[in-house]
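Reading through the structure tokens given below for one structure.
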Amino acid sequence: MADMLLDIRNLRIEATVYPPGEPAHDIIIVEDVSLTLEKGKVLGLIGESGAGKSTIGLSAMGYGRGGVRIAGGEVWLNGRDIMKGGMRGFRKLRGKEVTYVAQSAAAAFNPAKKLMEQITEAALAHGMASQKQAEARAVDLFTHLGLPDPNNFGSRYPHQVSGGQLQRAMTVMALVPEPDLIVFDEPTTALDVTTQIDVLAAIKRAIRDTGVAALYITHDLAVVAQVADEIMVLRGGRKVERNTAENIINNPQEEYTRALVSVRSIEHEEKKPTADPVLVARDISAAYGNAIQVLKDVSIEVHPGQTLAVVGESGSGKSTLARVITGLLPPFEGTVTFAGRTFSRALAKRSKEDLRELQMIYQMADTAMNPRQTVETIIGRPLDFYFGLKGRKKRERVMELLEEIEMGAEFLDRYPAELSGGQKQRVCIARALAAKPKLIICDEVTSALDPLVADGILKLLLRLQKAEDVAYLFITHDLATVKAIADSIAVMYQGSLVRYGPKTEVLTPPFDDYTDLLLSSVPEMKIGWLEEVLEHRTMESAGN
Amino acid sequence: MGQVLKLLVQRIALGLLLLLLVSLLVFVGTEILPGDVAQSILGQAATPTSLANLREELGLNEPAPLRYLSWLGGVLTGDLGTALSNGQDITTQIGLRLGNTLFLAFWAAVVAVPLAILLGLLAVRYRNRWPDKLISGLTLASISLPEFFTGYVLIFFFAVKLRWFPSVATVYDSMSLLEKLNAIALPIAVLVMVVLAHMMRMTRAAILNVMQSAYIETAELKGLSPFKVIFRHAFPNAVAPIVNVVMLNLAYLVVGVVVVEVIFVYPGMGQYLVDHVSKRDVPVVQACGLIFAAVYIGLNLVADIVSIVTNPRLRHPK
């Protein structure tokens, strides 16, 4: 036991909640979780949102977010129970023995201070190095993690570097005080896949070369399998199982783990393009203001009852394309033809019928619904607006729609706040369907959802497509989703279409460089995948 | 840097334009006041001939736009005109008064601004605990009491009972700085009590708002002490709203201190303005109005400039 670094015993974490209209009460967030971590090892904590994985990770630093508090159990670090040291004790270990890498480095860096000042701050505050030593170590790490211009990188402000660079800078910040343990809290979740792979490789290299131990928290099993020695699966604040990464992936014991491993069990038969597309967008070029051109000559078609998936990284122009098609952003060139008639470029000039036949579903179901309206009002609104349905007829139709989205009449009087994330998205789908549209634009509709819930939404969308013969323009950055549901695919990069066609064609080699990069960056549920890809890339670049 | 410069030039140009509009407003406003200047100067003794003569002499018979232009021309060359009531040059008179007002405002600000920010920081550090509640309670009480009441209470205790400070704040040029400060100690105290609460509460609110940010959590997880977290990480990001409210209060210290000046018989702008409003001395009222407007616009301009300059995104573009 000499090498034992962290030993959490029977951890119990509570929080006080203040639900509207009810008295404040305590809820249990984590119950009876124990874990141990040896020096230099990496333990992955995995689970869906609400599983308590971040809360457990932060408990190693004696930290509770919001009103969260450690209510029971012991947290032993380097042979002492940190719960006995009080606030002063916590401050001594934070930033010295244990450091933290947050999900969004863009938010976690202070916008008013230069990177170097922030990166060396912890080491200086704990008197572990002089300014000079800390800066030298930071520059070393910048070089090691592949940051550009390492000598001057630290003199920039956070907004002056890219998201992937910031995430690596945050890893450097965690490494400078030479801690025994780093808590990585979803460090690559907010990044594009092509950026994620670089950051993941950098983190893995940093862990290997400094010998630091890590708790790696994520909801993405394929990602954690690349960096962790062992994985602990959590659900609803309790441990489901813990095993070596290898065994969790290849030989899961519990049913829940098996579901996580085998997610994406969607069956979908690809349909061939028809002669009569419902939507034709021709040579679209668009810009925000007069300066920044975000779409260059994009042409796509969507066929009745089929799905066109538009994939690309953030900033590729895929959401802008949706804004052009809906009329929210008039393009300066190009035409949008819908069901044989040419749409006006501007939203204000489109007829009610134009509006009805083209509906939208958004990423954030939360903000797409009025929090003060009931489900019945929300779904009933398009029925009234487009078809003039009132009273009993309207209610009957709302119930039918609820039935279609696999929710019952008991939801009629609920408010959005009383629904789960998946249920909210279902209500948004019902609202879009209520207009009986020919085409629904789905903008990242599953990105904010946990994998199992997202799976359910995708299956629902496919079933509805068959039943209602509605077409989807499906915008996403997630290639696994694309593979699962698309009939045709449009790959976008920096405002241009780089690859376009039926799914099998687009996904069959030979690829162009960008599509190749994109496809090979999607993490696979396989130990050693990261090394394979990186090796493959080095060989390719050597070959060139 | 070009972007910042452009924004600054834009702001300053807008400020000047605003000042021009205000001058028009001041002129029109005093123009439509009921009553006639000549009539009010001559009072009961007015005869139709003397009224006509006086009007001619004052140039009141000329069309309003012309009078506005000649007034504006005078203002731009530093000539604010002559007071109707006593025939003295307004520029020299205001010069003295404005100097006194700025002197009082300056020292009140020197005490109030750092104190308000310090109290705001303390309130955040001990939020929802007794120091926070004590600070909030005391500052709220001091702003709720009318100035004349606190003024007379202070006079009663510190001038009458304890005899530490004079009750009448008379200052003249031959006094040393310390003597002057001693003379205006009580008005400063009253002004500080009035402006403290507003600035302190804004500081507290602005910093608490920033305290929700993810980078505050980062700072806490570095093991920094709570005060370091607040001062080094939260405060720099809350500067813009704090400066805005500080400037509004500074403007109040210059233009809104009539009551305090009257209580302490302090020869400042406020008293001067009130005297001449009651005498219907239009040129003086116009001049005071314009100067007050210039102070307001100028201080708000400073607030704008500070928020632009402290924004790292503008100062260091990609």
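Points to keep in mind about this one:
- Pair B:Glu57, A:Ser162: separation of 7 Å Cα→Cβ label points (nm): 8.1
- Straight Cα distances below 16 angstrom link A:Lys438 to the lysines A:Lys352, A:Lys466, with same-chain residues fewer than 8 positions distant left out.
- Gyration tensor verdict on segment A:360-418 (Cα atoms; rounded if a/c is under 1.5, prolate if a/b is larger than b/c, oblate otherwise): prolate
- Partner aspartates and glutamates whose Cα lies under 18 Å from the Cα of A:Lys271, excluding those fewer than 8 positions away in the same chain, are identified as A:Glu301, A:Glu468, A:Asp469, A:Asp487, A:Glu505.
- Karplus-derived HN-Hα couplings along segment A:95-100 (A = 6.51, B = -1.76, C = 1.60, θ = phi - 60°), whole Hz, x at Gly and Pro: x, 10, 7, 10, 10, 9
- Over chain B, the Kirkwood radius and the radius of gyration, each from Cα atoms, give a ratio Rg/Rh of 1.06.
- Per residue, the average separation of C-alpha pairs within less than 8 Å and at least 6 apart gives chain A a relative contact order of 15 percent.
- Sorted by Cβ density within 10 Å, fewest first, the residues B:Ser50, B:Ser213, B:Ser144: B:Ser144, B:Ser50, B:Ser213
- Sequence-distant residues sharing a close amide H with A:Ala309 (under 5 Å, placed H): A:Phe474, A:Asp487, A:Ser488, A:Ile489, A:Ala490
- log10 of Debye I(q)/I(0), alpha-carbon scatterers only, for segment B:221-275 at 0.21 Å⁻¹: -0.77
- Around A:Ile361: net Lys/Arg minus Asp/Glu count, Cβ-Cβ under 9 Å: 0
- Among A:Leu464, A:Thr515, A:Trp76 the positive-end extreme of the charge dipole of the protein assembly as shown (Cβ point charges): A:Trp76
- Note on A:Arg397 and A:Arg80: the model spin-label points, each 7 Å out from Cα along the C-beta direction, lie 7.0 nm apart.
- DSSP bridge orientation in the protein assembly as shown - percent antiparallel, rounded to nearest 5: 55
- When segment B:90-131 is reduced to its Cα atoms, the Kirkwood hydrodynamic radius in Å: 12.6
- Translational diffusion coefficient (Stokes-Einstein; Kirkwood radius from C-alpha pairs) of segment B:96-275 at 20 °C, 1.002 mPa s, in µm²/s: 122
- In this structure, the amide hydrogen of A:Val498, modeled 1.01 Å from its nitrogen in the peptide plane, lies closer than 5 angstrom to those of A:Val491, A:Met492, A:Tyr493, counting only residues at least 5 positions away or on a different chain.
- Label-point separation, B:Lys279 to A:Glu535 (7 Å along Cα→Cβ), nm: 9.8
- Dipole in debye (nearest 20) - segment B:96-275, about Cα centre, beta carbon charges: Lys, Arg +1; Asp, Glu -1: 640
- If you sort the three axes of the alpha carbon gyration tensor as a ≥ b ≥ c, you get a/c of 1.5 or more for segment A:1-121 and a/b no higher than b/c, which makes it oblate.
- Using bins of 10 Å that start at zero, the share of Cα-Cα pairs per bin across segment A:433-544 amounts to 11, 37, 34, 13, 4, 1, in whole %.
- Inter-chain Cβ neighbour average for residues B:58-64, partner chain, 10 Å: 0
- A viscosity of 1.306 mPa s and a temperature of 10 °C, combined with the Kirkwood radius over C-alpha pairs in the Stokes-Einstein formula, give segment A:212-284 a diffusion coefficient of 103 µm²/s.
- Taken over segment A:164-264, the alpha-carbon convex hull comes to 111 cubic angstrom per residue.
- Cα-Cα separations in segment A:466-521 greater than 17 Å, expressed as whole percent: 36
- Fraction of C-alpha pairs exceeding 26 angstrom in segment B:1-129: 53 percent, rounded to a whole number.
- Shape call, segment A:341-389: gyration tensor on alpha carbons, a/c limit 1.5: oblate
- Estimated FRET transfer efficiency when R0 is 35 angstrom, pair A:Tyr288-A:Tyr415 (beta carbons, to 0.05): 0.50
- Theoretical FRET efficiency, 1/(1+(r/R0)^6), r = Cβ-Cβ of A:Thr16 and A:Leu452, R0 35 Å, to 0.05: 0.75
- When the C-alpha to C-alpha distance is required to be over 24 Å, the pairs from A:Lys39/A:Lys113; A:Lys96/A:Lys526; A:Lys272/A:Lys526; A:Lys96/A:Lys204; A:Lys53/B:Lys222; A:Lys114/B:Lys228 that qualify are A:Lys39/A:Lys113; A:Lys96/A:Lys526; A:Lys272/A:Lys526.
- Sorted by Cβ neighbour density within 10 Å, fewest at the top, the residues B:Val309, B:Val257, B:Val160: B:Val160, B:Val309, B:Val257
- Across the options B:Ile94, A:Leu260, A:Asn370, the greatest Cα extent toward the positive end of the charge dipole of the protein assembly as shown (unit charges at beta carbon of Lys, Arg, Asp, Glu) belongs to B:Ile94.
- For A:Leu295, distant residues with modelled amide H under 5 Å away: A:Ala286
- Descending Cα extents along the principal axes, the protein assembly as shown, whole Å: 107, 75, 62
- Highest mean packing comes first when the peptides B:77-84, A:376-383, A:208-215 are listed by Cβ atoms within 10 Å, giving A:376-383, A:208-215, B:77-84.
Here, each number is a calculation from the coordinates, and none is a lab measurement. Given the structure is predicted, the values throughout are model-derived calculations rather than measurements. Cβ atoms come from the backbone with ideal geometry, glycine included; neighbour counts cover every protein chain shown.
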